[in-house]
Amino acid sequence: MEERFSLAQRAAAEVLGTALLVLVGPGSVVATLVLAGKAVPAITGADLLGISFAFGFIIAAMVYAIGKVSGCHINPAVTFGLAVTKRVPWREVPAYWAAQVVGAVIGALAIWAVFAHTGIKLGMGMTSFNQHGTAWGQAIFSEGIGTAVLMFAILGIVDSRSPSDLAGIVIGGVVIAIIMVVGPITGASLNPARAFGPELVSALGGGPTHWNQLLPVYIVPGLVGSGIAAVAYDFMAKPRIVVEPVIEAVTHPDPGPREPAAVS
């Protein structure tokens, strides 16, 4: 496929997409806690469903909005899986990762701006796990398998033989499903940038942090899980390898300018 957008344009799209993901996704966690007040538990099963839908809907929207530009990775683990299977050149990975991290920080700053110090006090929608009730191995596996399922679903729906017009709906729906399962264990980050942005901004605002969990639970397992899922998909489905499969899936030929209506 002939390149239609420069790397700078694609990086800008990744910054915007990741920023909106973090604003709406983790932002919905903060909003839920604000509404819960002193209720116990602060987040119920119904609340978790609402949060998962917030993530799913914003991801679906971003797939259709910027998928045609950058492929809508908005997740370093997705970029990594695509690079491992040669769908994205390794030379572009640093630009994508930098854009996603910058976007995540911008999105977290936006949460801080919306909720002020309340957002910091309520944890900025950070992902973390209870080290007293959840084993490290359990948390690591949860994030790894959750990200692997996400990556496998992405490659499946954007395969040229799949009904690709549904890409945004399917990817968003898979995120909802994964959060409902993994959310109670680790918060279901499934995205290293999404985990890092709120953590950094919480630290800047003097709020709680969980830096010791970031690398071993929320970064490495996601990258590994995504890479394994991408390799496994190629082994089983033998798809035609294309650059930026999401772009292929959500882009249609431009019909060109419409002819002006005849004036009688």
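The values are calculated or read from the model by the stated rules, or taken from the named source; none is laboratory data. Because the structure is a prediction, the values reported are computed rather than measured. For neighbour counting, all protein chains shown are included, and Cβ atoms are generated from backbone atoms with ideal geometry for every residue, glycine included. Heavy atoms of the whole protein, side chains included, go into the accessibility calculation; ligands, DNA and RNA do not. Shrake-Rupley method; radii C 1.70, N 1.55, O 1.52, S 1.80 Å.
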Select from the stretch 201-214 the residues that are open to solvent by 30 Å² or more (accessible area, probe 1.4 Å) and in a loop (DSSP other than H, G, I, E, B) and write down the one among them that is nearest to Gly81 (Cα to Cα). His210
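Let's see how each residue does on (1) part of a loop (DSSP other than H, G, I, E, B); (2) at pLDDT 95 or above; (3) touching a Cys at 6+ places or on another chain (Cβ under 8 Å):
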{"position": "Glu199", "(1), (2), (3)": "no, yes, no"}
{"position": "Pro216", "(1), (2), (3)": "no, yes, no"}
{"position": "Pro221", "(1), (2), (3)": "no, yes, no"}
{"position": "Ala229", "(1), (2), (3)": "no, yes, no"}
{"position": "Asp234", "(1), (2), (3)": "no, no, no"}
{"position": "Pro253", "(1), (2), (3)": "yes, no, no"}
Would you mind stating whether Gly103 is surrounded by 24 or more Cβ atoms within 10 Å (Cβ to Cβ) and under 13 Å from the mean Cα position of the chain (by Cα)? yes
Is the stretch 30-47 home to any residue that is assigned to a loop (DSSP other than H, G, I, E, B) and buried (at least 21 other Cβ atoms within 10 Å of the Cβ)? no
Kindly indicate the residue of the stretch 1-28 that is assigned to a loop (DSSP other than H, G, I, E, B) and of a type in the set (Asp, Glu) and also modelled with the highest pLDDT among those meeting that condition. Glu3
Of all the residues that make up the stretch 48-88, how many are open to solvent by 20 Å² or more (accessible area, probe 1.4 Å) and among the basic types (Lys, Arg)? 2
Could you please tell me which pairs satisfy a Cβ distance under 7 Å, a separation of 6+ or placement on different chains, a first residue in the stretch 9-22 that is surrounded by 24 or more Cβ atoms within 10 Å (Cβ to Cβ), and a second residue that is among the basic types (Lys, Arg) and part of a helix (DSSP H, G or I)? Leu21/Arg194; Val22/Arg194
Could you tell me whether any residue of the stretch 77-88 is closer than 25 Å to Leu48 by Cβ and either outside any loop (DSSP other than H, G, I, E, B) or touching a residue at least 60 places away in the same chain (Cβ under 8 Å) (or both)? yes
